[in-house]
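Participant: Handing you this structure, nothing more for now.
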Amino acid sequence: MDTLRDKVCVITGAASGIGRAIAHALADRGAHIVAVDLDDDGVRALADELGTTALAHRADVSDPDAFQGVRTATLQRFGRADVVVNNVGVLTNGLPQDIPVAEWQRILDINLMSVVRSNAAFVPLLLEQGRGHLVNTASFAGLFTYAYDRMPYAATKAAIVQISEGLAIYLRPKGIGVTLLCPGPVLTNIAAAVPTFGGGAPLRTPGEQFELLDPAPVGELVADAIVRNRFFVPTHPQVVDELRRRLDDWDAYIDYQISRKPL
């Protein structure tokens, strides 16, 4: 995809944080935005900011039928979809023995199954068109383990890494790009309402070498990756060194993570 001008871009989790930054970055390049979020006021405010080429659509991505509604609304307004950005993610906090199965199911439904349902709704459309691009937001937590306080979140993000790589292998030869966005520390509201179980668990960060970023540059990274058809987009390039360190001696790396102090 050599340009985003006049492309129709569906973005979930668009009301705030990284999703909002992606919406602005793509719209600045001339794209039409379908802003999807559970926060109705948030996506309406975003659509007002972006202008007449944006559509606000409230949806609960854990609803099995949500993405059929997103697809219908997109096609009714614009007649096609060119880019789909799956950007929803929620956290939970607790020691492994304290997080109940029901909370695992909630996190799986929102973080992982939303991507599965989005693919079910939009991948056939992109294949029929013979062009398009998918962006899936994972996390550093899906690339390497630095914490035990958010295991359901980390598990879903690791699954998104695998799904994205498989889709890239399948779809790239068919003219459809896939980008895996892996954010490290980024200033968002994901931690604003995190359920806590048991006495809670101490929060651990991926490392002091990863600075807290504003979302706006992340949106620019995604826009550039779509145009350049790049797969792996980490917010902090030095994460590659961390992955190599783990691969060199995984047991030693686990010992290193055990030795690190939480916040």
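Derivation of every value follows stated rules applied to the coordinates shown; laboratory data play no part. Given the structure is predicted, the values throughout are model-derived calculations rather than measurements. With ideal geometry, Cβ positions are generated from the backbone for all residues, glycine too; neighbour counts draw on all protein chains shown.
Participant: How do 224, 6 rank when sorted from fewest to most other Cβ atoms within 10 Å of their own Cβ? Write out the running numbers ahead of the final one.
Facilitator: Details: 224 14, 6 11.
Listing 224, 6 from fewest to most nearby Cβ atoms yields 6, 224.
Participant: Quick one: longest stretch of the chain between exposed loop GluC sites (Glu not before Pro), exposed meaning at most 16 other C-beta atoms within 10 Å and loop per DSSP?
Facilitator: Values: sites that count: 208, 211.
It works out to 1-207.
Participant: Let me ask something additional. Any chance you could check the Cα centroid distance between region 167-245 and region 10-41 for me, in angstrom?
Facilitator: Between the Cα centres of region 167-245 and region 10-41 lies a distance of 17 Å.
Participant: Could I ask something else about it? For every other residue with a beta carbon closer than 12 angstrom to the beta carbon of residue 235, add +1 if it is Lys or Arg and -1 if Asp or Glu, then tell me the sum.
Facilitator: Values: positive: none; negative: 211, 214, 220.
Computed value for this residue: -3.
Participant: Sort 117, 260, 246 by Cβ crowding within 10 Å, fewest neighbours at the top. Please list the in-between numbers first.
Facilitator: Values: 117 21, 260 12, 246 17.
Ordered by Cβ neighbours within 10 Å, fewest first: 260, 246, 117.
Participant: Å³ per residue of the Cα convex hull, for the chain?
Facilitator: Considering the Cα atoms of the chain, their hull volume per residue is 121 Å³.
Participant: Right, next: Would you mind counting up the charge near residue 2? Only other residues with Cβ under 13 Å from its Cβ, with Lys and Arg at +1 and Asp and Glu at -1.
Facilitator: Neighbourhood net charge equals +2.
Participant: Please quote Rg/Rh for region 60-206 to two decimal places, taking the Kirkwood radius as Rh and restricting both calculations to Cα atoms.
Facilitator: Here the Rg-to-Rh quotient is 1.01.
Participant: Before rounding to the nearest 500, sum -39500 (n - 2.57) across all DSSP H runs of length at least 4 in the chain and divide by the residue total; then give [θ] at 222 nm in deg cm²/dmol.
Facilitator: -14000 deg cm²/dmol
Participant: Still on this structure: Does anyone have the angle between helix 239-248 and the longest principal axis of the chain? Alpha-carbon axes, 0 to 90°, nearest 10?
Facilitator: Result, in degrees: 50.
Participant: What number comes out for the charge environment of residue 144, summing +1 per Lys or Arg and -1 per Asp or Glu over other residues with Cβ under 10 Å away?
Facilitator: Summing Lys and Arg as +1 and Asp and Glu as -1 gives +1.
Participant: Further, regarding this structure: Give me the percent of Cα-Cα pairs in region 12-132 that sit more than 16 Å apart, rounded to a whole number.
Facilitator: 62 percent
Participant: Same structure, new question: Could you rank the peptides 235-241, 84-90, 178-184 by their average count of other C-beta atoms within 10 Å per residue, with the highest value first?
Facilitator: So the peptides 235-241, 84-90, 178-184, ranked by packing, come out 84-90, 178-184, 235-241.
Participant: Continuing with the same structure: Counting other beta carbons within 10 Å of each Cβ, put 114, 259, 16 in order, fewest first.
Facilitator: 259, 16, 114
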